[in-house]
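First comes the structure, then the notes that go with it.
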Amino acid sequence: MIDKHRDNAEHNHQYGCPVCLTLNPMSQPRCRTCGRHLHLIKSKSIQHTIALLLTSIILYIPANLLPMMYTNWLGQQTTSTIMGGVISLWEPGTYPIAIVIFVASILVPIGKILTLSWLCLSVTIKKSDSRRINLELYRFTELIGRWSMVDVFAVAILAALVQMGQVMSVYPGTAALAFAGMVITTMLAAMTFDPRLMWANQPNMHNKEKQNAP
Amino acid sequence: MVNKMKQITKENHVEEAEATIACHECDLLISLPELEFGQTASCPRCNHLLTRRFLGAHNRILALSISAFIFLLFALPFPFISFTSQGKEFVISFADSIVNMALMDFFSIAILILFTTLLIPGACLLALIYVLISLQRKRLMPYTHQLLQIVFILVDWNMAEIFLVAILVSFIKVSSLASVFLGLSFWSYVFFIICLIASLSLLDRYQIWQKVKQHD
């Protein structure tokens, strides 16, 4: 029993527009509804994702080692890294903020890099049994990726706000640059990753699943 | 407002099938029926939300976008955060956080903040207002297609709500040193974000492009 509606669009030589969802024949260079350039699912997209992912991993190292923020307090200068910032906030009254910063600037980036690496790997080796979990992971990374920027924005606001000359002033550190670059490259990596690759080359997957079900 | 969600699978509505689309996440071909107000269609294979239809969605998006844009304008000139320490008052406006980063030789961060928290959401709102006004007329105004396309590309880079969380984080950090006050611009920015998120959550790419198609 072959139900052609269960097929992938790619197998029917059709392509869904990412902007307006209109189905276009593959020969068409631009979408007929919105005029967007159509890029077909290519195995090349995975190479873009891997390249961006490697860049973000490289940027993640200086982002953690270099100082994120300099604080001048009564003539004394202290530097703090991302992890140092979390530790200094870990005191009664500011636990929630410490948790927000820890999740946004440590857990989320590491989780995102690991998830995207796993997705690239499972697509390349054409592993299909963990597809459903992979898809949930992909949706989650796309959703939370932007939130890592909280720390960079907070440093920018603090540096503008706390400028009391000799008493206390705050300056941004180089890690802010590396960290912002890391967030942008992971966002781009998540955007270039095509989840349809997980379902490619499986024309009648659904029917097979039905047959296998008890 | 809570709309009752209803999942529709292809099987139940084959006879009403209107258009065939491909799921954006798993590339499955799906015959999409005409939705009733408040209904939601998701992909039967990967459960990806395909489209949903709300009553009067486009009028509500237009109203919310206009209010969001007005709130955004009000967020600019007034004080954002202020605090007093040893008799001196320190006040920053929205632009100060950006200008200050540029002055400290962090141009790229300044540009990043300028774009993700101000220019991109502002441009999206203006483009949406233009497109929705254009849809209410008999004939589409020029550049409607291009502007709507730009909205869907830019909207992923909107980080206004993240900036709001960052403000609250720095607010709590500084409040241990001095008494901090949130200014008029801050509250205006909060309302801007509420309207922006409400407007974007009503925006459905399939429904709005169908509307544009009817005008072609």
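FYI, it's all coordinate maths here, none of it is from the lab. What you are looking at is a predicted structure, and each value in this text was computed from that prediction instead of being measured. Note that we place each Cβ from the backbone using ideal geometry, even for glycine, and neighbour counts take in every protein chain shown.
Brief remarks on what is shown
- Estimated from helical segments only, the mean residue ellipticity of chain B at 222 nm is -16500 deg cm²/dmol, where each DSSP H run of four or more residues counts as -39500 (n - 2.57).
- Top of B:A123, B:A41, B:A19 by mean-square fluctuation, Gaussian network on chain B, Cα under 10 Å: B:A19
- A Cβ-based charge dipole, computed about the Cα centre of the protein assembly as shown with Lys and Arg at +1 and Asp and Glu at -1, lands at about 880 debye.
- Over the stretch B:57-215, the hull volume per residue, using the convex hull of the C-alpha atoms, is 113 Å³.
- Lysine pair count for the stretch A:42-208 [Cα-Cα under 19 Å; pairs on different chains or 8 or more apart]: 6
- Positive end of the dipole of the protein assembly as shown (Cβ unit charges, origin at the Cα centre): among B:V212, B:L28, A:S27, the Cα lying farthest that way belongs to A:S27.
- Just checking the listed ones, B:N158, B:N47, B:N59: in the Gaussian network model of chain B with Cα springs under 10 Å, the one fluctuating most is B:N47.
- Helix A:131-144 vs. chain A, principal-axis angle (Cα, 0 to 90°, nearest 10): 40
- Distance between the stretch B:53-76 and the stretch A:111-167 - C-alpha centres, whole angstrom: 29
- The residue list B:F107, B:P44, B:P79 was ranked by how far each Cα lies along the charge dipole of the protein assembly as shown toward its positive end, using unit charges on Cβ atoms, and B:P44 comes out on top.
- For chain A, the relative contact order is 31 percent, taking Cα pairs closer than 8 Å that sit 6 or more residues apart in sequence and dividing their mean separation by the residue count.
- Within chain A: Cβ-based charge dipole about Cα centre, in debye rounded to nearest 20 (Lys, Arg +1; Asp, Glu -1): 900
- If only the Cβ of Lys and Arg carry +1 and only the Cβ of Asp and Glu carry -1, the dipole of the stretch B:57-215 around its Cα centre is close to 760 debye.
- Both radii were evaluated on the Cα set of the protein assembly as shown; the Rg over Rh quotient, with Rh as the Kirkwood radius, amounts to 1.01.
- Here, the stretch B:53-149 is characterised by an Rg to Rh ratio of 1.15, where Rg is the alpha-carbon radius of gyration and Rh the Kirkwood radius.
- The relative contact order of chain B, computed from alpha carbon pairs under 8 Å that lie at least 6 residues apart in sequence, is 25 percent.
- Less than 5 angstrom separates the built amide H of B:S85 from those of B:F90, all sequence-distant by 5 or more or on a different chain.
- Based on alpha-carbon atoms, the Kirkwood radius and the radius of gyration of chain A give Rg/Rh equal to 1.13.
- Fluctuation leader among B:H58, B:H48, B:H145 - chain B, Gaussian network, Cα springs under 10 angstrom: B:H48
- Farthest positive-ward along the protein assembly as shown dipole, Cα basis, beta-carbon charges - from B:M159, A:S130, B:L182: A:S130
- Two tests apply to each whole DSSP H helix in chain B, Cα reach of 20 Å or more along its axis and mean Kyte-Doolittle hydropathy of at least 0.0, and the ones passing both are B:57-74, B:120-136, B:160-175, B:184-202.
- Helix-only [θ]222 nm of chain A, DSSP H runs n ≥ 4, -39500 (n - 2.57) each, per residue, nearest 500: -16000 deg cm²/dmol
- Exposed-site-free run, longest, chain B (rule: trypsin sites (Lys or Arg not before Pro); DSSP loop; at most 15 other C-beta within 10 Å): B:7-136
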